[in-house]
Amino acid sequence: MKALPVGTDALFVEVASGEEAQALLADLLRRRAEGSLTVREIVPAARTVLLDGLSDPARLAAELTSRPVPPVPPRTAGTVEIPVRYDGPDLADVAAHWGVPEAEVARIHADAEFRVAFCGFAPGFGYLTGLPARYEAPRRSTPRTSVPAGSVALAGPYTGVYPRPSPGGWQLIGTTDVVLWDHTREPAALLSPGTRVRFVPVAPTGPAT
């Protein structure tokens, strides 16, 4: 672990893996909640955590680098469930890449327990980890100019849900009607770093008859 000063009251912490970043984030959030850590903002990324608004960054840097990262705490209540129709246009490509039938993609994905590692790209967009490494999916060779809101997508080790229409190169495996970002809601983002997520399969909506 490396802890680098940023300005006068911030600290940029680098760890070896995404798993360590999530474990560090969980520990820092726990300490802030219990009052043993005073910090204005905690911003995780793939393998880093930025802490802003510290009274003594040097002391915290020495403390963090003197001990191993604690493990991620066991799963607790409060998992966000997202209903998803596994009807995405890239479902067949993902199935071929994984070497499984299309229906198996839905089962594998829905059986996984996800955690929001960090947020970015667009308001409300969370980078979720939880799929085994053998199910990583490459980005599309040609990104789409517009991906519909609610698209459930894969790229590398991550799952994400597009909160609004935007360009994107992730593999689209499904859709959801859940609102990821609502500025009138408190909090506006449904997902935040550390949130646990389960995807619940629902039947695709067929054409009206």
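If I take R0 = 30 Å and measure r between the Cβ atoms of L50 and R164 in this structure, what FRET efficiency does the formula 1/(1 + (r/R0)^6) give, to the nearest 0.05? E between L50 and R164, to the nearest 0.05, is 0.75.
Taking amide H as placed 1.01 Å from N in the peptide plane, V84 has its amide H under 5 Å from the amide H of V200, V202, each at least 5 places away in sequence or on another chain. Across T38, T184, T79, mean-square fluctuation computed from a Gaussian network of the chain (C-alpha pairs under 10 Å connected) peaks at T184. With all protein chains in place and ligands, DNA and RNA left out, the 1.4 Å accessible area ranks E81, E102, E14 as E81, E102, E14, largest first.
If both residues of a DSSP beta bridge must be in the chain, then about 85% of such bridges are antiparallel.
What residue among V84, V39, V49 shows peak mean-square fluctuation when the chain is described by a Gaussian network model with Cα springs under 10 Å? It is V39. Taking Cα atoms only, the orientation of helix 18-34 departs from the longest principal axis of the chain by about 60 degrees.
When the Cα convex hull of the stretch 58-144 is projected onto planes of every orientation, the mean area is 9.2 nm².
Taken one residue at a time, the phi angles of the stretch 55-60 give Karplus couplings (6.51, -1.76, 1.60, θ = phi - 60°) of 7, 9, x, 4, 5, 5 Hz. Gly and Pro are set to x.
Taking each residue as 0.36 nm, the span from R144 to R30 lengthens on full extension beyond its C-alpha to C-alpha distance by 37.1 nm.
Annotation: amide H of G126 within the under-5 Å range of V161, sequence separation 5 or more or interchain, hydrogens built in the peptide plane.
All C-alpha to C-alpha distances of the stretch 1-116, sorted into 10 Å bins beginning at zero, yield P(r) values of 12, 34, 22, 18, 13, 1 percent in whole numbers. With contributions of -39500 (n - 2.57) from each DSSP H run of at least four residues, the per-residue ellipticity at 222 nm computed over the chain stands at -6500 deg cm²/dmol. The convex hull of the Cα atoms of the chain, projected and averaged over all directions, covers 13.9 nm². Expressed as a whole percent, the accessible area of the stretch 97-209 that falls on carbon and sulfur atoms is 57 (1.4 Å probe). Taking label points 7 Å from Cα along the Cα-to-Cβ direction, F121 and R40 give a separation of 2.9 nm. Between A96 and D182, the simple label model (points 7 Å from Cα in the Cβ direction) yields a spacing of 3.9 nm. Of the two radii for the stretch 97-183, the radius of gyration is 0.94 times the Kirkwood radius, both from the alpha carbons; that is the Rg over Rh value. Identify the residues of the stretch 125-152 with backbone N under 17 Å of a label point that sits 7 angstrom from the Cα of V80 along the Cα-to-Cβ direction, or state none. 125-131, 149-152, by backbone N distance to the label point.
In loop segments of the stretch 125-191 as defined by DSSP, the trypsin sites (Lys or Arg not before Pro) with at most 15 further C-beta atoms inside 10 Å of their C-beta are R139, R185. For the chain, the solvent-accessible area works out to 52 Å² per residue, with a probe of 1.4 Å and every protein chain left in place.
The values are calculated or read from the model by the stated rules, or taken from the named source; none is laboratory data. Keep in mind that this is a model prediction, so the values were computed, not measured. With ideal geometry, Cβ positions are generated from the backbone for all residues, glycine too; neighbour counts draw on all protein chains shown. Side chains are part of the model used for accessible areas, which takes the heavy atoms of the whole protein and leaves out ligands, DNA and RNA. Shrake-Rupley method; radii C 1.70, N 1.55, O 1.52, S 1.80 Å.
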